[in-house]
1. Can you give the net charge of the other residues whose Cβ lies under 11 Å from the Cβ of PRO87, counting K and R as +1 and D and E as -1?
2. With the crude spin-label approximation of a point 7 Å out along Cα→Cβ, what separation in nm comes out for HIS119 versus ARG136?
3. Taking R0 as 41 Å, what's the FRET efficiency between ILE145 and GLU18 from their Cβ-Cβ distance, rounded to 0.05?
4. Spin-label point model (7 Å from Cα, Cβ direction): what's the HIS38 to CYS70 distance in nm?
5. Each label point is 7 Å from the Cα along the Cα-to-Cβ direction; what then is the distance between the points at THR30 and VAL9, in nm?
6. Relative to the present Cα-Cα distance, how much length would full extension add between GLU88 and LYS100 at 0.36 nm per residue of separation?
7. Which order do LEU42, LEU6 take when ranked by solvent-accessible area (1.4 Å probe, heavy atoms of all protein chains), largest first?
Amino acid sequence: QLLESLEIVRIQDCDKVETLFDHEALTVCTLPKLRTLHLSELRFLKSIGVSSTSRGTCGVLKCPNLKNLCIDFCPMIVSVFSSGHPPENLEVVHIQHCDKLKSLFEDTTSAEHSLPKLHTLHLLELPRLESIGVIRAGSSLEPDIRGCPSLPKGIQIHQH
């Protein structure tokens, strides 16, 4: 019940954290009120497991009302949203200095991820970022993408 009341989670400078939620687990952990997730200086963090639904997935951290996601200085993380669909209420995504990050929205189904409320997308100094996946975002989105030399120039962000 305590977890269900969380609105803001900030985890910083914890050397032992490798995963925020265990993808191998057979459970879904729901944080219905979580609005802000800030992960910083987690040197060994490899995965997060954030999703808005649990369709077809096991071991998912379900955050249907997540609005703000900030990840910085997490050099081992490879993918942010690797299980299921990203939270549809996301408004702000700020990711920087994650040296091994290859994918923001892992596209295993070739489906578009609809993020109609996303208005801020900052991707800074992500040298191995190859894909953000296909995103359908709100019309006010102005992405700020710098220091991502592996990201193709023609990224797929469709605004409506």
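The values are calculated or read from the model by the stated rules, or taken from the named source; none is laboratory data. None of the values given here were measured: they were computed from a predicted structure. Positions of Cβ are generated from backbone atoms using ideal geometry, with glycine treated the same way; all protein chains shown enter the neighbour counts. These accessible areas exclude ligands, DNA and RNA; they are computed on the full protein's heavy atoms, side chains included. Shrake-Rupley method; radii C 1.70, N 1.55, O 1.52, S 1.80 Å.
1. Summing Lys and Arg as +1 and Asp and Glu as -1 gives +2.
2. Placing both labels 7 Å along Cα→Cβ, they lie 2.1 nm apart.
3. Result of the calculation: an efficiency of 0.90.
4. Spacing of the two 7 Å Cα→Cβ label points: 0.4 nm.
5. Taking the two extended label points, one gets 1.5 nm.
6. So the chain would gain 1.8 nm between GLU88 and LYS100.
7. Largest to smallest exposure gives the sequence LEU6, LEU42.
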